[in-house]
Amino acid sequence: MRAMDKSIEEKISNFRRITTENNVYHPFLSFNQDTSMAAPEDIRKKWEIFLRRNRSKYVSLYINIPYCRNNKCNYCMYNSKILHDPWELDCYVNYLKSSMEFYDPVFQGYEFANMHIGGGTPTLLDNTQLATLFDLLAQRYSFRDNAMRTFEISPSSVTHEQLDLARQFGINRISIGVQSFNRAALELARRNYVPFEEIEALVNSINSLGFEALNIDLIGGLPGDTPDEFRNSFIKTASLGPTSITTYFFRFENSRYDQTMKYSSGFGWGAGSIKAFMENIYETALEYQYTIDNFSTQSLNNVFMRADYENRMSGYPTKWEPTLQNSCLGLGVGARSSILDVADIYDMGCAGLARYNINRALDAESLAIANTRYLLCFFDNRTRLTSHFLRQLYTNREISISSVQSIYKVDLREYFREEFALLVSLGKLSVEGDTVCLVVEDEIEWGVYSKFFYDERTIEEMAKPRPGCRYSSA
Ligand code: SF4
């Protein structure tokens, strides 16, 4: 390894600070650099062109219900708004209807790979609104064989009637946002605590209705939680036997906790403590017969599958592979659509309602497709290639030069000539034959050296909290 010059040393130290203090481990998760606004007609045209050329490719369908009941949970970085009045949801279901009608000419006859109804809190819809939504979906959309059709539910608002309606419509996977069985952590998060016995009764009810798959979400590293309590939440969850348990990685920067809690919440904030939350989970999961292919203590989410569960559903990649990478049609305010290799597209609702900094009810006028604007985030070639390269390195720990050449028509050694030379000289990259590996000791080193493929200013920008994620609360 060559002697390090001062500027490289400073760069490493800066990247280390950003990685550990701000929990920014994955530069490829924030890769949109070029954005513009667009009208619905522009987006429909983009889909039309895409489908003309790529009809056989996977497209999934996402329906967003961006409402929360009383307040926003402190850990949540999703764009959603507090429901001011139940009639808002009537207007919103109408908005979904007009969005569906608007895209009908393009998607008629197309078979979607999977569907996800999420939010927000989809179970805030009452029975009539939910039945209307399911009818609209049933009339319009068809799916590939064994498509996964997921309905996200909140344990504090779901009813048996809603589950029954979902089953009748053809939902085959339920996902419950439990997040934690630690009452103190949920209280700090301003989220309703639902006791284990009630979750157990809910799971029994879901099982009795015959859904094929059940997922339960947990969050690791919440303020007020401890590694032992988190393990306890995992064990309680596993004892309920869901077909999968998804653990999320809490990130302070985009949360709503009082910033002073970062250092005073009693669990010593920092990469080490998050790691402590996550690292004993792998062993615990195996002990309780849950398996996972690519576990990482710093991954934004880890999906543990019940070992005896044979997943017959398709169209929902649980690990990243180019062949399975989906495009997605997202409907509803705040929904993200993704047209593979073209752009990510966010439905911002009407102009002026962008990013949910709204503190009032959304009425029919503010929910009109004609007034809707979309935020487009384009991928330039470099961004796309860098993202692909880092994702592959992250999930497989190595990447084949020829596979990249076959997709992107470039030789990685030429394309990243300077970055490769520098990292090889630091002993952090190996290039042997067709294979490139990032030689890192742990997740922190991964966070530091993967950032060498971006310029420092871009990384500084990525590390900043996104103002759009904040909610001006009611
Ligand atoms: S986690 Fe909480 S704040 Fe976030 S969308 Fe769900 S209910 Fe709303």
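Annotations for the structure displayed:
- Applying a threshold of 6 Å to beta carbon distances and a minimum spacing of six or more residues, or different chains, the list of pairs starting in region 390-410 at a residue that is in the same structural domain as Val440 (by TED's automatic domain parsing) and ending at one that is assigned to a helix (DSSP H, G or I) and of a type outside the set (Asp, Glu) reads Leu390/Phe28; Leu390/Ser450; Arg391/Phe28; Ile399/Gln392; Ile399/Leu393; Ile401/Leu412; Val404/Leu412; Tyr408/Leu385.
- Condition met for Asn79 (away from the ligand (no atom under 16 Å from the Cβ), in contact (Cβ under 8 Å) with a residue 60 or more places away in the chain and crowded, with 20+ Cβ neighbours inside 10 Å): no
- Among the residues of region 116-166, those that are touching a Leu at 6+ places or on another chain (Cβ under 7 Å), in contact (Cβ under 8 Å) with a residue 60 or more places away in the chain and away from the ligand (no atom under 16 Å from the Cβ) comprise Leu133, Tyr141.
- For region 51-76, filtered to residues that are within 8 Å of the ligand (Cβ to nearest atom) and either at pLDDT below 85 or in a loop (DSSP other than H, G, I, E, B) (or both), the residue that is farthest from Gly332 (Cα to Cα) is Tyr75.
- Region 104-122: number of residues that are crowded, with 20+ Cβ neighbours inside 10 Å and part of a helix (DSSP H, G or I): 2
- Filtered residues of region 89-115 (kept if of a type in the set (A, V, I, L, M) and more than 16 Å from the ligand (Cβ to nearest atom)): Val93, Leu96, Met100, Val106, Ala113, Met115
- One residue from Arg44, Arg52 being of a type outside the set (A, V, I, L, M) and in contact with a helix residue (DSSP H, G or I) (Cβ under 7 Å, 6 or more places away or on another chain): Arg44
- For region 347-367, filtered to residues that are of a type outside the set (Ser, Thr, Tyr) and part of a helix (DSSP H, G or I), the residue that is modelled with the lowest pLDDT is Ala354.
- Lone qualifier among Glu419, Glu398, Glu445, Glu414 - being at pLDDT 90 or above, within 30 Å of Phe249 (Cβ to Cβ) and among the acidic types (Asp, Glu): Glu419
- Check on Leu61, out of contact with any His (no Cβ under 8 Å at 6 or more places or on another chain) and in contact (Cβ under 8 Å) with a residue 12 or more places away in the chain: no
- Restricted to region 178-192, and to residues there that are away from the ligand (no atom under 13 Å from the Cβ) and among the aliphatic types (A, V, I, L, M), the residue that is surrounded by the fewest Cβ atoms within 10 Å (Cβ to Cβ) is Ala184.
- Entirely in region 368-467, the helices (runs of 4 or more DSSP H) that have 3 or more residues that are over 27 Å from Phe295 (Cβ atoms): 381-396, 401-408, 412-415, 417-425, 456-463
- Odd one out for Leu125, checked against (1) over 21 Å from Asp164 (Cα atoms); (2) buried (at least 21 other Cβ atoms within 10 Å of the Cβ); (3) at pLDDT 90 or above: (1)
- Phe196 vs. criteria away from the ligand (no atom under 16 Å from the Cβ) and either touching a residue at least 12 places away in the same chain (Cβ under 8 Å) or touching a Gly at 6+ places or on another chain (Cβ under 6 Å) (or both): yes
The values are calculated or read from the model by the stated rules, or taken from the named source; none is laboratory data. Here the structure is a predicted model, which is why all the values come from computation and not from measurement. Cβ atoms come from the backbone with ideal geometry, glycine included; neighbour counts cover every protein chain shown.
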